[in-house]
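The values are calculated or read from the model by the stated rules, or taken from the named source; none is laboratory data. Since the model is a prediction, treat every value here as computed from it, not as a measurement. Cβ placement follows ideal geometry from the backbone for every residue including glycine, while neighbour counts extend to all protein chains displayed.
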Amino acid sequence: MSMFVQLMAKSASIALTGSVLEAKYGPHPYSGNPKDGNLFFLTPAIFSAMGFWVMLFGFKVGEGRKEAIEAAKKDGEKDVEDRYDLPNLYAQGTSKHAKVFNCIQRAHQHIFETFSQAMLTGLVAAASFPLTAAFSSALYCVGRCALSSCYAGCEGDPSKRYSSKLAVFTWYGLISNWMLAMGSCVFQIVGKKRMCGVE
């Protein structure tokens, strides 16, 4: 079975199991109980914390660039400032120091390829499935932290970016959020559920 099929199957399992259990047994944001409506805010709280982590992780890029420039100069590389320093997003060349820095930069850049999608789908999903959306959003965030940390620490070998077993949780959380968001939209369109207690 291909990796894509496995990701989709496991993500669907998370989304379906969570949403069915939540619909049957969980508190509902539209129950009339004001405390149940507050569950929606679990997902924004998770992504707010993740946003702070992303900001802190961004400092690694500046530190990594400075270390790479110093190491490249020490090893006698040519045109170090032109190849490594800003405004270059990535270091030019294939030296060990360029590869190490480029993995750090790529780890940071990679976050932005999925973060906005995870947030948007998590928020839409939370309108109908606040607990399941919070769980899948937390799964995404744990995986994202692991994947980015492994990528930045891989010493120039990007094949090590999934060295943590938690890294794949990035994709389970993202795909689960997407599936939950689609379900939430369908429920809202056909009028099966009220959105966060609002008729």
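Quick notes
- Taking helices (runs of 4 or more DSSP H) as the structural unit, those lying wholly within region 1-103 and holding at least 2 residues that are under 28 Å from Phe129 (Cβ atoms) correspond to 3-25, 34-37, 42-74.
- Any hit, region 10-25, residues being surrounded by fewer than 19 Cβ atoms within 10 Å (Cβ to Cβ) and in contact with a Leu (Cβ under 8 Å, 6 or more places away or on another chain): no
- If the condition is being closer than 19 Å to Met179 by Cα and either charged (D, E, K, R) or at pLDDT below 75 (or both), then region 7-27 contributes Lys10, Glu22, Lys24.
- For region 119-133, filtering for residues that are surrounded by 24 or more Cβ atoms within 10 Å (Cβ to Cβ) and either polar (S, T, N, Q) or in a helix (DSSP H, G or I) (or both) leaves 8.
- Sub-7 Å Cβ pairs linking a first residue in region 115-139 that is on the phi < 0 side of the Ramachandran plot to a second residue that is surrounded by fewer than 24 Cβ atoms within 10 Å (Cβ to Cβ) and assigned to a loop (DSSP other than H, G, I, E, B), at least 6 apart or interchain, are Ala127/Cys196; Ser128/Lys193; Leu131/Gly26, ordered by first then second residue.
- Any hit, region 100-109, residues being touching a helix residue (DSSP H, G or I) at 6+ places or on another chain (Cβ under 7 Å), modelled with pLDDT under 95 and among the charged types (D, E, K, R): no
- Yes/no for Gln109 being over 30 Å from Ile14 (Cβ atoms) and either without any contact (Cβ under 8 Å) to a residue 60 or more places away in the chain or in a loop (DSSP other than H, G, I, E, B) (or both): no
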